[in-house]
Each structure stands twice: as structure tokens, then as C-alpha cells.
Amino acid sequence: MKTFEIITESDARVLERGETVMLAQGGHITPLAADTLKERRVTVVREGQAPDAAAALERTAKQDAATRTARRAQVEAELQALRAIDDRLTRLATAGS
């Protein structure tokens, strides 16, 4: 795990999405870096934070991603069903003319 004394926006941009990094005790995150870390879903563990807490944060992030993926698949299936109904209605309207 990478450790930082300070995390700047340029540091945050080169981190992998979903990565976990350590912020040294007394370390600082710039405001723009905080926005970038959030957007890239980078987990920042403060030095001295319990390892279990860091693991819980990572698990929660992975569960959230899995939930979003499952919901996206459900919405896509519902959209496909609605398109099929729309196609049938169009065919019926055209056939009746």
C-alpha cells in the first residue's frame, strides 16, 4: 500500500480506480485531491486506523459496486422488455391500418 505525507490532485490522478492508499499521521489531502479521490473511488486509510476498518471500507465499496452492476442489469432487462412491447404495438398499429 502506498503511503503519502500529502496527497495532491496530481497524485490522485495517477492512482488506480478503487485503489487503497495510506495517509501518514499528520498528513494532508488538498481539496481538489479529495474530489479526485472520491471520483476515482480511492480509499484513504489514515495511519493508525484499525486495519479492520480499512478492510470494512473496501468491502463496502465492492458491495456497492456489485449492487450497482446488478441494478444496471435489471434496468437493462426491463428496458429491453419495454422495447419489445413497443415493437409489438407498432406492428399491431401498422397491421390494422
Taking the criterion of being exposed (fewer than 13 other Cβ atoms within 10 Å of the Cβ) and in a strand (DSSP E or B), would at least one residue in the range 26-36 satisfy it? yes
Would you confirm whether or not the range 57-65 contains a residue that is among the polar types (S, T, N, Q), at negative phi, in a helix (DSSP H, G or I) and surrounded by 15 or more Cβ atoms within 10 Å (Cβ to Cβ)? no
Pick from the range 41-50 the residues that are out of contact with any Asp or Glu (no Cβ under 8 Å at 6 or more places or on another chain) and in contact (Cβ under 8 Å) with a residue 12 or more places away in the chain: which of them is nearest to Q63 (Cα to Cα)? R41
For the condition exposed (fewer than 13 other Cβ atoms within 10 Å of the Cβ), out of contact with any Pro (no Cβ under 9 Å at 6 or more places or on another chain), basic (K, R) and at pLDDT below 90, what is the one hit in R91, R46, R68, R83? R68
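I want to confirm something. Restricting to the range 4-19 and keeping residues that are outside any loop (DSSP other than H, G, I, E, B) and among the small types (G, A, S), which single residue is nearest to T43 (Cα to Cα)?
Start the filter on the range 4-19 by keeping residues that are outside any loop (DSSP other than H, G, I, E, B), which leaves 4-7, 9-14.
This time we only want the ones that are among the small types (G, A, S), so: 10, 12.
Values: S10: 16, A12: 11 Å.
Filtering the range 4-19 for residues that are outside any loop (DSSP other than H, G, I, E, B) and among the small types (G, A, S), the one nearest to T43 (Cα to Cα) comes out as A12.
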In the range 1-31, which residues are hydrophobic (A, V, I, L, M, F, W, C), farther than 19 Å from K62 by Cβ and out of contact with any Ser or Thr (no Cβ under 8 Å at 6 or more places or on another chain)? F4, V14, I29
Single condition A84 does not satisfy, out of (1) free of Cβ contacts under 8 Å to residues at least 12 places away in the same chain; (2) under 17 Å from the mean Cα position of the chain (by Cα): (2)
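The values are calculated or read from the model by the stated rules, or taken from the named source; none is laboratory data. On a predicted model such as this, the values are computed, not experimentally measured, just so you know. FYI the Cβ positions are ideal-geometry reconstructions off the backbone, even for glycines, and counts take in every protein chain you see.
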